[in-house]
Amino acid sequence: MKEETKAQLLKDRWGKLRFTAAAAEQAVLISEILPNYRASFFEFRMAIGAAGLVKPFDWMKWNEPQLTAEMAARLSQDKVWRHATRIVRGDRFCEGLFEAHVRDKSLMALARRAYELSQTEDGWPLSFSQLDDSDLETGLVVEGRVRDRIGVTTGFREQRTNAANPGWDFQVLWNDETCTMEDMNEWHLVLPLKTLVQLPDCRSAEPRR
């Protein structure tokens, strides 16, 4: 990702939340060889607050079960911010609570659910409604994770019917003249640049045995 693109991505509170959530998950996977991995956790915590997910309420008396990744995928919008608040505030009294929820990936799942509920409709990002074509414009710049891997959207998209992995795929024509279908869940639209950027890949961060 280009530095200019990343800077614009991090100015978007939802872009920042999604990016830092993925970066924190990467940090968990390589924490054994990354001395400063907790910096990623701190940035994720700040992004949760910036996204408006930490609000005043009597969280100490809230009797909901502790958050799990499986639970997060089914939560209502009201319960999403309540869980986020209880974890962030609770970490002040129980040190390590926030990190525990990062390590079990429940907070990443909560961030995904928050984005899904407030920033998508039927799985498609609402940010596209601010472009000329609210579905998917042809020719949007696409920046992949691999350095210098640049492409453009062809305008084709299709909704997946797999209940285990719901969402949308869209087609990219890359600068090496290959075409691929990409999972929109792994991308974020940087509106000021009209550019789609690929979020960090947690799977590729797993240490080799």
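Rule-based calculations on the coordinates, nothing more; no lab input. All figures in this text were calculated on a predicted structure; none of them were measured in a lab. Positions of Cβ are generated from backbone atoms using ideal geometry, with glycine treated the same way; all protein chains shown enter the neighbour counts.
Would you list, by chain and number, the lysines whose Cα falls below 16 Å from the Cα of Lys194, excluding same-chain residues fewer than 8 positions away? Excluding near neighbours in sequence, the set is Lys2, Lys6, Lys11. When you restrict to C-alpha pairs under 8 Å that are six or more residues apart and normalise by the size of the range 1-136, the relative contact order lands at 24 percent. Annotation for the range 1-86: trypsin sites (Lys or Arg not before Pro) lying in DSSP loop with at most 10 further Cβ atoms inside 10 Å of their Cβ are Arg74.
Remark on the range 74-140: Rg and Dmax equal 16.1, 51 Å (Cα only).
Placing unit charges on each Cβ (+1 for Lys and Arg, -1 for Asp and Glu) gives the chain a dipole about its Cα centre, and among Ala23, Leu173, Leu189 the Cα reaching farthest toward its positive end belongs to Ala23. Here the chain is assigned +1 on the Cβ of each Lys and Arg and -1 on the Cβ of each Asp and Glu. Its dipole about the Cα centre then comes out at about 1000 debye. Multiplying the residue separation of Asp183 and Gln119 by 0.36 nm and removing their Cα-Cα distance gives an extension gain of 21.4 nm. Given R0 = 35 Å, the distance between the Cβ atoms of Glu137 and Ala69 translates into a calculated FRET efficiency of 0.55.
Over the range 60-152, Cα pairs under 8 Å with separation of 6+ residues give a relative contact order of 24 percent. For the chain, would you read off the P(r) tail past 27 Å as a percentage of all alpha carbon pairs? Within the chain, distances greater than 27 Å cover 34 percent of Cα pairs. In straight-distance terms, cross-link reach from Lys55 covers every one of the lysines whose alpha-carbon lies under 18 Å from its own, apart from those fewer than eight places away in the same chain; here that gives Lys79. Remark: the Lys194-Gln159 segment gains 10.4 nm on full extension, using 0.36 nm per residue and subtracting the alpha carbon distance.
Report summary: the helix-based calculation at 222 nm, which adds -39500 (n - 2.57) for every DSSP H run with n ≥ 4 and divides by the residues of the chain, gives -11500 deg cm²/dmol.
Here's the list of aspartates and glutamates a cross-link from Lys105 could span, going by alpha-carbon distance under 15 Å and ignoring same-chain residues fewer than 8 apart: Glu25, Glu70, Asp201, Glu206. Using the Cβ-Cβ distance between Phe93 and Phe42 with R0 set to 22 Å, the FRET efficiency works out to roughly 0.75. With the simple model of a label 7 Å out from the Cα in the direction of the Cβ, Ala7 to Ser76 spans 4.3 nm.
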